[in-house]
Amino acid sequence: MNFPDVVMLSVPLFIGLLVVEIIWIKLKGKGGSYETRDTATSLLMGAGNVVAGVAFGFVAYGFFSWLWGFALFDLGASLLVIALCFVLDDLRYYWVHRFGHRVRWVWASHVNHHSSQHYNLSTALRQTWTATFTLMMVLRAPLILLGFSPEMVLFVGGVNLVYQFWIHTEAIDKMPRWFEAVMNTPSHHRVHHGRDPKYLDTNYAGVFIIWDKLFGTFVPEQETPDYGLVQNLGTFNPLRVAFHEWRSMLADIFAPNLTLRQRVAYALKPPGWSHDGSRKTSDQIKAENAP
Amino acid sequence: MPVWITLIIVIAGISGIVALVHFTGGSVRARLESKAGALKTWLAQFPDHPATGALLEPTGHAALIDLEDGRTGILWAMGRGAAGRVLQGGALQVRGARLRIDLADFTAPHIDVVIKDEPVRRIWAEALEAALTKGDENELS
């Protein structure tokens, strides 16, 4: 069965909704803000993400195709199987995203998505250029070995990404209670983008917020978050946005006079960890600011 | 779809949206309205570096922050948001009304502060020179 490239097909929808949101904010004078250079950076990051996908996509696809040869079953492509694959892939997304915040090697790729001080639909397109290098594709291996085809796994991953576009907005306050209880929403995801101590490393969900409730990382939105990074970037240059944390991490890993264990820790411990305790992790920041 | 058509759509889409944001007021930069506001913004960004005073640039697009530990911080408008850094080494260039601070920081390589009023610019230049020199000494010690 052939599955469409839903992300590419959604590009006109993304552009249309961006235009609607910009005009809506201008007319209403509320519901978020857009800034020219910030928006340009987000859109260029999005375009670069597509280019990186074309350039490096063969790595993941090659890996999945190879794994498919070892699959225990071929579950076919019925609607039920696609739906099951979607739910399981969303669980996979939760963990990839959680590692993206808790393992510096993966954070180096994901950080750029959090680097805007604004929260609007353009922020959704501020995507990584370096996802392949995180090797997080291995978390999709169980799905393929269980018998979901690589094409289906990539398709549901695309649907997941498209779903997450509309939740990057301040124009929508809260959805109906039943929806907020089960699904990831603008309110839940605003919390995820907050740099406020109590909001750090929370609400990792892609589509279903139930994973955060299940694994203890859910925090409801109270006051409006302060968006961005713990230390905000002082540049809009997309190259610096894309690579700054890789550069910083590699500088730490290859710094002189460290043990091998410390070098590995700089790659695998949470962002903010340092061998001499001179920096703070999100856990430490949260502990210091706990009520 | 041919690659060149995709490329045109992407370039036109990005340019169009950026132009729309600009013409709907998106290029207005953040302003620090008062010293108290600058200190509050600083504290929100750097809670571990308490401040004792601030020197506002006349248009409110930047502020020098006096820190409790004797060092100096700088806040500047990043579009509608703000970024800040503790000054730890670096160089100052004066280009007409523009003060350019070059930092050894990949995430903030240059900070430009434009001050049209010459006496105020001189005060800022002297304060920055002193802060950057002090930062250099701190880095060496």
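Before moving on, here are some points about what is shown:
- Helix-only [θ]222 nm of chain A, DSSP H runs n ≥ 4, -39500 (n - 2.57) each, per residue, nearest 500: -17000 deg cm²/dmol
- Mean-position separation - Cα centroids, region A:151-212 and region A:81-149, in angstrom: 13
- Ranked A:Met1, A:Met183, criterion: other C-beta atoms within 10 Å, fewest first: A:Met1, A:Met183
- The residues neighbouring A:Ser115, those whose beta-carbon lies less than 10 Å from its own, together hold a net charge of 0 under the Lys/Arg +1, Asp/Glu -1 convention.
- Loop-resident trypsin sites (Lys or Arg not before Pro) (DSSP state other than H, G, I, E or B) in region A:155-212 with no more than 14 further Cβ atoms inside 10 Å of their Cβ: A:Lys174.
- Counting only alpha carbon atoms, the long axis of helix B:35-45 and the longest principal axis of chain B meet at about 70°.
- Average beta carbon contacts from partner chains per residue of A:37-46, 10 Å cutoff: 5
- Residues B:Arg98 and A:Thr259, FRET efficiency given R0 of 35 Å [Cβ-Cβ distance, rounded to 0.05]: 0.15
- Using a simple spin-label model with pseudo-atoms 7 Å out from Cα toward Cβ, A:Asp276 and A:Thr224 lie 4.1 nm apart.
- Between the helical axis of B:118-140 and the longest alpha-carbon principal axis of chain B there is an angle of about 80 degrees.
- Charged-residue dipole, Cβ positions (Lys, Arg, Asp, Glu), chain B about Cα centre, Debye nearest 20: 620
- Calculated SAXS-style log₁₀ I(q)/I(0) at q = 0.08, 0.15 Å⁻¹ - region A:6-239, Debye, Cα scatterers: -0.29, -1.07
- With Cα atoms, 0 to 90° folded angle of helix B:3-21 axis to chain B main axis: 50
- The equivalent ellipsoid that matches the C-alpha gyration tensor of the protein assembly as shown spans semi-axes of 40, 25, 21 angstrom, in descending order.
- Label-to-label distance, nm, for residues given as A:Leu79 and A:Ala141 (7 Å Cα→Cβ offset): 3.5
- FRET efficiency, A:Arg177 to A:Gln231 (Cβ-Cβ, R0 35 Å, nearest 0.05): 0.45
- Within chain B, longest stretch free of exposed GluC sites (Glu not before Pro) [DSSP loop, at most 11 other beta carbons within 10 Å]: B:69-141
- Positive minus negative residues near B:Val94 (Lys, Arg vs Asp, Glu; Cβ under 15 Å): -1
- Shielding by partners, peptide A:226-236 (average Cβ within 10 angstrom, other chains): 6
- Relative contact order of chain A, defined on C-alpha pairs under 8 angstrom at six or more residues apart (%): 24
- Within chain A, the selection of entire DSSP H helices by a Cα span of 15 Å or greater along the long axis and an average Kyte-Doolittle value of at least 0.0 returns A:11-28, A:36-68, A:79-102, A:150-165, A:238-253.
- Count of Lys pairs (Cα-Cα under 17 Å; at least 8 positions apart or interchain) in the protein assembly as shown: 6
- Charge tally in the Cβ shell below 15 Å around A:Thr41, where Lys, Arg are +1 and Asp, Glu are -1, A:Thr41 excluded: +2
- Cα-based Rg of chain B normalised by 2.2 N^0.38 Å, two decimals: 1.28
- Among B:His110, A:His188, the ranking by other beta carbons within 10 Å of each residue's beta carbon, starting with the fewest, stands as B:His110, A:His188.
- Applying 1/(1 + (r/R0)^6) with R0 = 30 Å to the Cβ-Cβ distance of B:Ala127 and B:Arg31 gives a FRET efficiency near 0.90.
Laboratory data are not the source of any read-out in this text; all were calculated from the coordinates shown. Treat the numbers as computed from the prediction; the structure is a model and nothing was measured. So basically every Cβ, Gly included, is an ideal-geometry build from the backbone, and we count neighbours across all protein chains shown.
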